[in-house]
Amino acid sequence: MRIAIVGKGGSGKTTTAAVVARALARDGVPVIALDGDTNANLGISLGIGLDATEALVSLRERLDLGAADHAADVDALLQRFGSSAPDGVRLAVVTRVERPEPGCPCCGLSVERLLTQLADTGHTVVADLEAGIGTLTRMASGGLDTAVVVAEPTPRSIEVGARAARLARERGATRVVVVANRSRDEDDVAAVRAAIDADEVVGIPDDEAIVRADREGESPLDTDPDAPAVRALVELAGSLSPHAVR
Amino acid sequence: LSHTEPTGRSTATHPADAALRLAFVGKGGAGKSSIVGTFSRLLARRVGAPVLILDSDPMPGLAYSLGVEPDDAGPPTEAVAAGPEGGPRYVLRDDWPPHQLVERVATRAPDGVRLLQVGKCSEAGLSQPALHAYQQVIDALVPDAGPSVTRGLDVGCGSEPALRDWHVVGDLPGGTRQPFMGWGRFAATFLVVVEPTAKSVLAARRLAHLATGWSHGRTFSVQAVANKIRDEADADWIAEHTRLEVVGAVPWDAEVAAADRAGRAPLDHAPSSAAVVAVGRLLERLLGPREGTA
């Protein structure tokens with residue numbers, strides 16, 4: 001199953017992706033968390049720490065300097081540019097290589113294609129896409145199953161979310177779920193619902209626990225598992241699970 | 001991390017010594033657009049002259065912070081023609097030099113700010129001719145650009161100063177990929193907007209690192225603007241973890257959050273809020289002591 005998390009920068013994509021990935025893994029689903037952001041930081045929200053996250057990114061960048069070995073296939077790529085994250089999640093960082101080697105499987109990879117290739121290995125792939133809609137514009141038709149559109153109740157965030165939802169549908173997403181993030185009340189959720197065309201809208205409350213985890217560079221699942229926003233995200237994961245009865 | 005000198009304003013050789021050439025960068029959601037909108041309008045008021053914003057973020061957003069309607073239209077296709085053999089694919093037509101492009105295309109925002117947007121990333125993708133037109137305006141504003149690319153920059157528009165003397169503020173795409181791929185070439189100073197979070201700090205470190213590899217012999221400085229801080233300790237924390245000089249500290253401000261939700265410019269919604277006042281202080285620091293206007 002291919003789940004793509006999209007939305008404006010800063011809307012909460014990475015936190016959503018991380019909590020969903022770990023909650024699915026706890027549920028027994030084999031999960032790959034795919035960091036498709038060129039400014040890769042999913043590791044931080046998964047709980048592997050700032051330094052380990054930074055090291056994964058530099059490892060990938062060293063390809064450009066010729067200081068790291070390329071990977072011969074998808075499995076090797078997962079090994080070399082990936083890391084184990086809590087709850088059995090495998091994290092893969094695949095920031096674009098600026099100076100690709102012609103024909104190299106790990107350079108030619110694009111996030112949008114890798115989403116499908118990794119899912120073909122039997123994993124559920126939770127992809128934290130680059131902010132905005134760039135990756136979706138490049139994605140082939142049928143390139144994803146579920147789009148999770150994260151939007152805050154602000155016009156600029158909703159604007160990006162509406163475009164992303166439209167585009168995800170065009171690309172063949174069979175399910176579009178909108179996360180109305182940092183909602184203070186039902187009106188905030190309603191504002192998001194009114195502006196974005198989706199199958200479901202899930203309100204995630206504005207929660208200091210998320211702010212605290214962000215400041216510390218930790219996973220809110222570790223620091224504050226019972227906080228309302230964390231519980232709501234875990235519940236979202238349950239509904240996204242391939243085990244879920246819909 | 002500073003490539004010219006360790007502290008203070010850049011001494012890069014930008015035109016007229018008075019014109020600011022700033023590019024705001026940082027993680028998505030750090031508050032770039034909010035600060036750029038407020039900063040540019042305060043700057044235009046302060047110097048009593050037009051300020052050009054180069055908005056290369058493919059997403060809409062700055063318009064709200066500036067107080068104008070969002071608009072996806074970038075530079076028009078008719079402003080460009082096919083480029084010469086072996087040269088760029090598209091070039092600005094002779095009757096559309098950069099100052100004409102600004103005059104005719106840039107959105108007029110409050111207080112004398114002109115907003116030049118690159119074609120926003122619509123579902124159809126970006127218009128290549130529009131991108132090239134925009135890149136040529138950036139080329140022309142590069143501090144040491146030669147005469148062939150500065151064509152038209154010495155010409156003022158009506159009573160306005162020549163474009164080369166304008167203050168220029170860039171709102172660059174979020175994240176780390178694009179700022180150093182052409183969009184920031186005009187800048188003498190990069191200001192990294194950093195929230196007191198691990199992710200924001202990681203983005204700032206990577207931007208600073210990328211800037212080092214990008215310089216191409218140019219002199220420019222990289223400094224930080226701390227945003228959404230709760231106290232002074234947050235600004236210190238940001239300085240320590242980014243190893244950048246923090247030249248501005250903007251507090252977390254419920255009134256700015258409310259302006260965001262309302263889709264209004266902070267300067268219109270909450271002109272005396274602590275965050276707006278702090279952006280004003282940043283402006284004074286970057287302008288430094290100077291006589292009147294440029």
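Each reported figure results from applying straightforward, stated rules to the coordinates on display, with no laboratory input. None of these values were measured; they are calculated from a predicted model. Cβ: placed from backbone, ideal geometry, glycine included. Neighbour counts: every protein chain shown.
With a 10 Å Cβ neighbour count serving as the proxy for reagent exposure, in which order, fewest first, do A:184, A:26, B:21 appear?
A:184, A:26, B:21
For residue B:250, enumerate residues with amide H under 5 Å from its amide H, sequence gap 5+ or separate chain, H modeled in the peptide plane.
Under 5 Å from the amide H of residue B:250: B:226, B:227, B:228, B:229.
Distance in nm between label sites at residue B:95 and residue A:193, each 7 Å beyond Cα in the beta-carbon direction?
5.4
Would you grab the residues whose amide H sits under 5 Å from the one on residue B:170? Only those 5+ places off in sequence or on another chain, please, with H modelled 1.01 Å from N.
When sequence neighbours closer than 5 places are left aside, the close amide H contacts are B:22, B:23, B:24, B:54.
With a Förster radius of 45 Å, plug the Cβ-Cβ distance of residue A:186 and residue B:243 into 1/(1 + (r/R0)^6) and report the FRET value to the nearest 0.05.
0.55
Excluding residue B:263 itself, calculate the net charge of residues whose Cβ lies under 10 Å from the Cβ of residue B:263, where each Lys or Arg counts +1 and each Asp or Glu counts -1.
My count for the surroundings of residue B:263 gives +1.
Taking amide H atoms as placed 1.01 Å from N in the peptide plane, list the residues 5 or more away in sequence, or in a different chain, whose amide H sits under 5 Å from that of residue A:202.
A:178, A:179, A:180
Rounded, prolate or oblate: pick one for the stretch A:105-181, where a ≥ b ≥ c are the square roots of the eigenvalues of its C-alpha gyration tensor, a/c under 1.5 means rounded, and failing that, prolate if a/b is larger than b/c, else oblate.
The shape class here is prolate.
Sorting B:232, B:85, A:159 on the 10 Å Cβ count, fewest up front, what's the list?
The order, fewest Cβ neighbours first, is B:85, B:232, A:159.
Taking the alpha-carbon set of the stretch B:26-87, what are its Rg and Dmax in Å?
Considering the stretch B:26-87 through its Cα atoms, Rg and Dmax are 15.4, 45 Å.
What is the stretch A:174-246 by shape, rounded, prolate or oblate, if you read a ≥ b ≥ c off the alpha carbon gyration tensor as root eigenvalues and call it rounded for a/c under 1.5, prolate for a/b larger than b/c, and oblate otherwise?
Oblate.
Calculated FRET efficiency, residue A:117 and residue B:230, Cβ-Cβ r, R0 30 Å, to nearest 0.05?
So the FRET efficiency works out to roughly 0.10.
How much net charge surrounds residue B:231 when only other residues with a Cβ under 15 Å from its Cβ are counted (Lys, Arg +1; Asp, Glu -1)?
-2
Averaged over A:38-50, how many beta carbons belonging to a partner chain fall within 10 Å of each residue's beta carbon?
That average works out to 4.
Shape call for chain A from the C-alpha gyration tensor, a ≥ b ≥ c root eigenvalues: rounded (a/c under 1.5), prolate (a/b greater than b/c) or oblate?
Verdict is prolate for chain A.
Could you line up B:220, B:24 from fewest to most neighbouring Cβ atoms inside 10 Å?
Placing the least packed residue first, the sequence is B:220, B:24.
Using the Karplus curve 6.51 cos²θ - 1.76 cosθ + 1.60 with θ = phi - 60°, work out ³J(HN,Hα) for each residue of the stretch B:30-45 in order, rounded to whole Hz, and write x for Gly and Pro.
Per-residue couplings from phi come out as 6, x, 4, 5, 4, 6, 4, x, 5, 4, 5, 5, 5, 5, 4, 5 Hz.
Once both labels are modelled 7 Å past Cα along the beta-carbon direction, what's the residue A:26-residue A:212 spacing in nm?
Taking the two extended label points, one gets 1.7 nm.
Under the rule of -39500 (n - 2.57) per DSSP H run of 4 or more residues, summed and divided by the residues of chain A, what mean residue ellipticity at 222 nm is obtained, to the nearest 500 deg cm²/dmol?
Estimated from H runs of four or more residues: -13000 deg cm²/dmol.
Please find, in a Gaussian network model of chain A (springs between Cα atoms separated by less than 10 Å), the residue of A:213, A:190, A:33 whose mean-square fluctuation is greatest.
Largest GNM mean-square fluctuation: A:190.
Quick one: if you stick a label point 7 Å off each Cα along the C-beta vector at residue A:226 and residue A:243, how many nm between them?
Calculated label separation equals 2.4 nm.
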